[in-house]
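Worksheet: one structure, shown below.
The values are calculated or read from the model by the stated rules, or taken from the named source; none is laboratory data. Note that this is a predicted model, so its numbers are computed, not measured. In this analysis, Cβ positions are derived from the backbone assuming ideal geometry, glycine residues included, and neighbour counts consider all displayed protein chains.
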């Protein structure tokens, strides 16, 4: 998985007044937990551009007062009105501990149903996984080339090496919806014959 480096400064005070002053000066209050101690720090808002404002998931290499930590974003807080970033919680990644994280889904190929006039519908933008940090993929690739109109790919239909998928096995990842004039193969096959 790709990494983003963030340089932070320790916070001497952790109250609301201090946090407000940091934001006023273009810095974001942060906390890192999951290790031996909680680490309270702040970092320039610009440093979060590729980490927070991106559809991709990244590991963060944090450098605070000369100490380095590998972490993932656990929670973010945004302003209710102007949507500006207010606070970031990081979870420290330990090499021998499993991590839970949402990974983006990437659909690969052109579905047969799309060639026949159907429309590919992506139902899941991310999937929740559990794995060691070294095994985390940048994306979960799902091949949809064989999907006909009415065809469905569910969580149970895919697997990723050394990664456990945590979403319900029956959850739909992608399907091909029919358009007018396009036969829904699955629906036609499943429909009972009409009595004369």
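Considered as a group, the residues in the range 7-36 that are without any contact (Cβ under 8 Å) to a residue 40 or more places away in the chain and surrounded by 13 or more Cβ atoms within 10 Å (Cβ to Cβ) include one that is nearest to residue 91 (Cα to Cα), and that residue is 11. Of all the residues that make up the range 12-36, how many are modelled with pLDDT of 90 or more and either under 20 Å from the mean Cα position of the chain (by Cα) or not in a helix (DSSP H, G or I) (or both)? Residues meeting the conditions: 9.
Among the residues of the range 126-166, those that are part of a loop (DSSP other than H, G, I, E, B), closer than 22 Å to residue 55 by Cα and touching a residue at least 24 places away in the same chain (Cβ under 8 Å) comprise 132, 136, 137, 138, 139, 144, 166. Please work out if residue 75 is within 21 Å of the chain's Cα centre (by Cα) and either closer than 27 Å to residue 161 by Cα or not assigned by TED's automatic domain parsing to the domain that holds residue 106 (or both). Answer is yes for this residue. Could you list all residues from the range 37-56 that are part of a loop (DSSP other than H, G, I, E, B) and either free of Cβ contacts under 8 Å to residues at least 12 places away in the same chain or surrounded by fewer than 20 Cβ atoms within 10 Å (Cβ to Cβ) (or both)? Once the filter is applied, which keeps residues that are part of a loop (DSSP other than H, G, I, E, B) and either free of Cβ contacts under 8 Å to residues at least 12 places away in the same chain or surrounded by fewer than 20 Cβ atoms within 10 Å (Cβ to Cβ) (or both), the range 37-56 yields 37, 38, 49, 50, 52, 53, 54, 55, 56. Scanning the range 66-84 for residues that are loosely packed, with under 10 Cβ neighbours inside 10 Å and in a loop (DSSP other than H, G, I, E, B) returns 66, 80, 81, 82, 83. Exactly one residue out of 113, 150, 117 is crowded, with 18+ Cβ neighbours inside 10 Å, on the phi > 0 side of the Ramachandran plot and at pLDDT below 95: that is 150. Checked against (1) within 21 Å of residue 165 (Cβ to Cβ); (2) modelled with pLDDT of 90 or more; (3) crowded, with 19+ Cβ neighbours inside 10 Å, residue 98 passes all but condition (3).
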